[in-house]
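What follows is a short report on a single structure.
The values are calculated or read from the model by the stated rules, or taken from the named source; none is laboratory data. Since the structure is predicted, the reported quantities are computational estimates derived from the model, not experimental observations. Virtual Cβ from ideal backbone geometry, glycine too; neighbours counted across all protein chains shown.
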């Protein structure tokens, strides 16, 4: 594909209404995502990682929660298999999410499916699922995904780079990462559409606190499993209370 | 960890990102998931949010906070109030930080 043809395809994509909607939806989150990127960039360089290595890690690994957990391990000189196994455990929630991505994008070829997987961070997943609650493929899903991903990737990487460069200037003790927490809080509140959703979220949060002592952020998996179970049981018991649409 | 070992670690971590995030997207044929699991997975996104958020809001150093003099609690109230008033995600963040930063940086809560 020539450069001109590639540019024409990008131009056509930017005219898609759902691409723009993805941009707009993710823009509301970009301050929070950026705040996390900044904190992660600072943490990488402050651990003693050379700037070039930190840049490579941010650009290639592109997984904030895993980076934050393994950076201290790498700084301490842990064996490679410990670093990798830890990252696998922290990323286990993405394995669950990928089952849902299959329902939306299972019809694409494998390379495209892998690219979608690679770029599907937490916030993209949540916004996407909120936009398309029905788990079935629709043509406007890919433009929406690309719009949301464009903003997510850019705000994360730019702020992460800024954090690396200004590692000693950024006042991390101000608790800037809390902005990321508040951004996710807004998304969560927007998803609590009925009583079962409130209960499922409450159970997930309580389980995550109760299981906090588990290593490798496995409390996140405990919370998700508890919420899925509670949601299913309550839907079976009170079918009319659920307004999360089924397929 | 030395330079080259760091590079190898990072390449491996990138592969892990691809494999975990694409796990059920990788096989050519779809693995049939039971219908109840598909229904249950609709709760996974909000559950993932809640599991990340709640510990960040009510815990410090791995234990539940025992004091109300914590900047996160009034910030949480302000953020929720703003959300239910305006339904704006960015506004929720700004309202929460407007309460959080003075209390946290100024008073050390």
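Scoring residue B:15 on the criteria (1) at the interface with chain A (Cβ under 7 Å from one of its Cβ atoms); (2) assigned to a helix (DSSP H, G or I); (3) within 26 Å of residue A:63 (Cβ to Cβ) leaves a single failure, condition (1). Surrounded by 20 or more Cβ atoms within 10 Å (Cβ to Cβ) and within 7 Å of chain A (Cβ to nearest Cβ) - does that describe any residue in the stretch B:61-70? No: zero hits. Every condition in (1) surrounded by 23 or more Cβ atoms within 10 Å (Cβ to Cβ); (2) more than 9 Å from chain B (Cβ to nearest Cβ); (3) modelled with pLDDT under 95 is met by residue A:10 except one, and the failing one is (1). Checking each residue in the stretch B:18-37 for being in a helix (DSSP H, G or I), at the interface with chain A (Cβ under 7 Å from one of its Cβ atoms) and within 23 Å of the chain's Cα centre (by Cα) picks out B:18, B:20, B:21, B:23, B:24.
Could you go through the stretch A:191-205 and let me know if any residue there is within 26 Å of residue A:57 (Cα to Cα) and either outside any helix (DSSP H, G or I) or within 20 Å of the chain's Cα centre (by Cα) (or both).
Checked the stretch A:191-205: no residue is within 26 Å of residue A:57 (Cα to Cα) and either outside any helix (DSSP H, G or I) or within 20 Å of the chain's Cα centre (by Cα) (or both).
Would you point out which residue out of A:143, A:171 is within 12 Å of chain B (Cβ to nearest Cβ) and either modelled with pLDDT of 90 or more or within 25 Å of residue B:105 (Cα to Cα) (or both)? None of the other options fit; the residue is A:171.
For the stretch A:134-161, a residue qualifies if it is surrounded by fewer than 17 Cβ atoms within 10 Å (Cβ to Cβ) and over 17 Å from the mean Cα position of the chain (by Cα), and the qualifying residues are A:134, A:136, A:137, A:138, A:139, A:140. Scanning the stretch A:110-122 for any residue that is loosely packed, with under 15 Cβ neighbours inside 10 Å, closer than 24 Å to residue B:28 by Cβ and in contact (Cβ under 8 Å) with a residue 12 or more places away in the chain turns up nothing. Does residue A:74 fit the bill of being crowded, with 21+ Cβ neighbours inside 10 Å, over 29 Å from residue B:39 (Cα atoms) and within 7 Å of chain B (Cβ to nearest Cβ)? Yes; evaluated as a whole, the condition is true for this residue. The set of residues from the stretch B:29-54 being touching a helix residue (DSSP H, G or I) at 6+ places or on another chain (Cβ under 7 Å) and exposed (fewer than 14 other Cβ atoms within 10 Å of the Cβ) comprises B:30, B:31, B:36. Note on the stretch A:45-86: residues that are under 19 Å from residue A:156 (Cα atoms) and within 19 Å of the chain's Cα centre (by Cα) amount to 15. For residue A:60, the criteria (1) facing another protein chain (nearest Cβ under 9 Å); (2) more than 14 Å from residue B:21 (Cβ to Cβ) hold in every case but one, which is (2).
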